[in-house]
1. So the label point goes 7 Å from the Cα of B:ARG28 along Cα→C-beta, right? Which residues of the range A:69-111 then have their backbone N under 12 Å from it?
2. Any idea of A:MET1's accessible area? Nearest 10 Å², probe 1.4 Å.
3. Give the ranking of A:GLU135, A:GLU76, B:GLU278, B:GLU44 by solvent-accessible surface, highest area first, calculated with a 1.4 Å probe.
4. Mind checking the full-extension length gain between B:GLU550 and B:VAL103? Use 0.36 nm per residue of separation minus the Cα-Cα distance, one decimal, nm.
5. Note the full-extension length gain between B:TRP806 and B:ARG867 as 0.36 nm times their separation in residues minus their Cα-Cα distance, in nm to one decimal.
6. Excluding ligands, DNA and RNA, what is the solvent-accessible area per residue of the range A:3-124 at a probe of 1.4 Å, expressed in Å²?
7. Express in Å², to the nearest 10, the accessible area of B:ARG867 obtained by rolling a 1.4 Å probe over the protein heavy atoms while all chains stay in place.
8. Tell me, what HN-Hα J-couplings in whole Hz come from the Karplus equation 6.51 cos²θ - 1.76 cosθ + 1.60 at θ = phi - 60° for each residue of the range B:51-65, using x for Gly and Pro?
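The values are calculated or read from the model by the stated rules, or taken from the named source; none is laboratory data. The structure displayed is predicted, hence computed values, not measured ones. With ideal geometry, Cβ positions are generated from the backbone for all residues, glycine too; neighbour counts draw on all protein chains shown. Note: areas computed on protein heavy atoms with side chains; ligands, DNA, RNA excluded. Shrake-Rupley method; radii C 1.70, N 1.55, O 1.52, S 1.80 Å.
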Amino acid sequence: MQFMLLFSRQGKLRLQKWYVPLSDSQKKKISREVIQMVLARKPKMCSFLEWRDQKIVYKRYASLYFCCAVEDQENELITLEIIHRYVELLDKYFGSVCELDIIFNFEKAYYILDEFILGGEAQETSKKIVLKAIEQADMLQEVRNTHIACLFVLVYEVTIGSFPSC
Amino acid sequence: MSDVVEKTLTALPALFDSQTGAAKITNRLRQLIKSITELTSKHEEENLIKQELSAMKEQVSSPNTTMKQMREIMVRAMYCEMLGYDASFTYIHAIKLAQQGGVLEKRVGYLAVSLFLNEGHELLLLLVNTVLKDLQSTNLIEACMALTVVAQVFPKDMIPAVLPLVEDKLSHPKEIIRRKAVLALYKFYLIAPNQVQHIHAKFRKALCDKDPGVMTSSLHIYLQLIRVNSYKDLTGSFVTILKQVVGGKLPLDFNYHSVPAPWLQIQLLRILSLLGKEDQSTSELMYEVLDESLRRAEMNHNITYAILYECVKAVYTIHPKAELLEKAARCIGNFVLSPKINLKYLGLKALTYVVQHDAKLALQHQMTIIECLDHSDFTIKRETLELLFRITNAQNVTVIIEKMLDFLCYVPIKTLTFAPDNSWFIQTMNDVFSIGGDLLQQDVPNNFLRLLAEGKPEEDDQLRLYAVDSYLTVLKGHTSHLPQCFLQVMSWVLGEYAHLQESVDQREVIQFLTQLLDQRSVSSETRVWILSALTKISEGQTDLILDLAESLSSSQDTVLRQQAQELRHLSQDSQLHEWALPRGAPWDSIEVAGLIVFPYYDKLFLLNINSGYLLTFSRYSNFFRCTCICLYINFVYHFSSSTLILEGVKRVWGKDGYLPQKEATAPLVDEPSAAVQPPGQHEAAERIESRPEPSTQNQDKQQLASSLFVGLGVGSSMSLVRKLYYDGFTVSLRGNVVDCLEARSTSVCHYALLMDDPHTNVSFTGTVSYQTQPGHTNTLPFSGTLSTADFIRPLVVTTEEYGKLWLSLSHDVKQNLKLLTDAGDPLRTTLNALKDALQLHVVDIIGSEGIVACRLLSGAPCLLHCRVNGTALAMWLRSPHPALPDCILYHCQRALTHH
């Protein structure tokens, strides 16, 4: 995998992970280009796009687009399932995840991604094991302020809505 | 229940108070995110982030900032970077955080480092010691973090420093550490394969690891290794692993939607297909397990299709076995025929792969392939073309190439925005033109020329220069094989832009073009283009041109002869040349008493508002034939006079619509249409809108009436209200181009306007957009007023028909009008006056009663019943349209008053 981008329907970047070394300006250019291309796709079209010599595989969950760039020979369907598994992981971790969870806790989303994909390859595909690793690291964290987080999510969930159940 | 809520609520403040660093940390970020979402403009966001960043800058350099605060700053810095702002001043602090902080800070620090820096960044060197320390840490989490960062960003030169430690981790008791170590080594292998050569044996150990996660990770390395070395001896192991996985021997944790470890399966299938490629004995080892995989993957879920796809690829890659091939072919069929578009795509991809081995397979899916060829999804279309490309043979080559060219026609202009540079674009377009040639749709050269013409002078001169240079090179070589459309494009570009290239002698360009003219393969249409180009650059080169013009003046082709004449005149008279073909100068528009003359692209437009005529003159205009109009335009253009009176422009809108005899343009239309300009170029330029604008006086009256009579009778007040509504809001005219006559030098567009909803007066406005200089679109508004009277046409009916129609009409209005009493027969005089003024048809006059009929142009009829009532004329109007009687009544009143 070359990179993974999460962005909103409005084209706002929510998460970016690059597995190939690129300069900042290249990253910016590419993400702008890819976001534009993906947002221009109509709903009934397929989830794959030819882009340069690579493939863009994307899927929309509620208001958020998950998008990966893979090599041309890569199996697009399995990439689609990688995305899905990542969403499942987020969903399990946050408890019916929505875009706001990812906005406000983007560093957590990164931790989960790093535990799932390392150096562009799937590292651990078992949901249980990935989440266990995250939880162990989280245990060190001081008491998490879940109450406030809950209130926050409640307020916004009304407007944005959570992902369809995974 | 309420108790619980109450307790929770009372506990809340305490909770807030008890929050230590963590809560504050998240709150800061939340505050930032919230305030960003509340902003409305990009500018505000920039300002806010700028403030935020400068505050952060201050904080990070302050010695009092604690590690906790630093952690919070880092998270915000990551957020700012994600939004696209530069927070590079925090990079060094990210490294410090990873170095000095506790576990929590390290976590954030390492994450920030992996997001901020890439492999080549020099700051990473500062991280090496931290990583070394953490790799040796007894704390599992610290070791994990160090391995994660190593597997993501690590400077190539520093690999030897950490390699022994990472290697040691391969035998760590914890599987998570082993797994991460394997992936770190995989990463090392990718960036520096030589560094890890000595530990290949340890990879084998990882492959046999009891933890499936570690084993799966090691497959990444093997997939790479197998591409360079043969690991045939491992085939047995891989087959066994796959058998176990497919047989469901792995813990249930590894299931994904009830499919056992699909990622592992796919990885193994890939490895097997590489191993079995062109190797019969190795392939034989895996037939069984492949068969098993094909059989097992039955469930209707994406993940099983992903596995099936990989299976099919493997079956077709390894040494073939008929039975497996048959099964795989059936699988592909399922993919291709699937209604799910993602599967269809993958099916096409599989088919593309497979037809290289067995072209017949594509035959079964002919119809699907044809359907996919016209699919609205670009991705599907492209994959289908790829497939077609693979099955091209002597029989189908023409059709396939045609399809590809169709696609090609679509691609170049579309993708221009992505063109890396000018020379690439011109070169690509050259290829398209020379390969695609005359099969290309006319749009392609048109759009290409438009792109060249519309650019800004300074910016796009570069592109034009490239084009000129490249075409001169092309013309130096053999030109006889070049398609006509390419020649046309070249001559247009050279004619327009050859002067930009100062290093090239214009005489040379003229010579090239003249040579082209002499070629037999050049069609007469192309010759016209070439001559036009020559006309543009002929200035001052009289000697060359005169010879040419001389030789052409005896040509059999009248158009060429004509152009040769023009050429000769223009090349001799530089002032006239300047007039007719101003080089590069923007052509300003001039509005003259209802007449707008403006240039667009390569044409002059003459828009006569009064007549509704839009005349178009090509820049290649045929000067000497249609002297009158052309000179007129030149006159207008040259003197920029604003006091010109329109003489010689004929009235073209008569009472019956536009007059059929087009005196002004007839001679032009009669010319052989050589279609110098591809039709359709100017059509996009016009847009006519109509907007009803009742005379204010009338509107006031109606408003008054509606307020006076409101509630008196439902019917009448309704109709008044409706009328106001009509006048105020709806668009009541519609128009469309009824015909466009194009000749060599003119095109005339007629707009037919129809009135759907009658109004006393309707004004129409429109705009014509055109370009005077590349990149600048100018818009000229024009407007005019039409009344219902313009749309009234006589309705010829007999008295019987009138009677029948009368009964069927629902809306009626009665009013007394002034009777013209100055003649012997007042009724007849009055009706005749109305007939003259409004084109009514007088059906019959019996005694003191007269019946009259009319209708709207292609619209509703209106019948008038008139009776002499003393000194007044009692008029009774009926129509199927609610507003029409009122309008006609109004116009009758006016006609009689003005009489």
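1. none
2. 30
3. Per-residue accessible area, sorted high to low, gives B:GLU278, A:GLU135, B:GLU44, A:GLU76.
4. Here the answer is 151.7 nm.
5. Net length gain for the segment: 20.4 nm.
6. Computed with neighbouring chains in place, this is 32 Å² per residue.
7. Solvent-accessible area, nearest 10 Å²: 100 Å².
8. 4, 4, 5, 6, 5, 5, 4, 4, 5, 5, 8, 6, x, 7, 5
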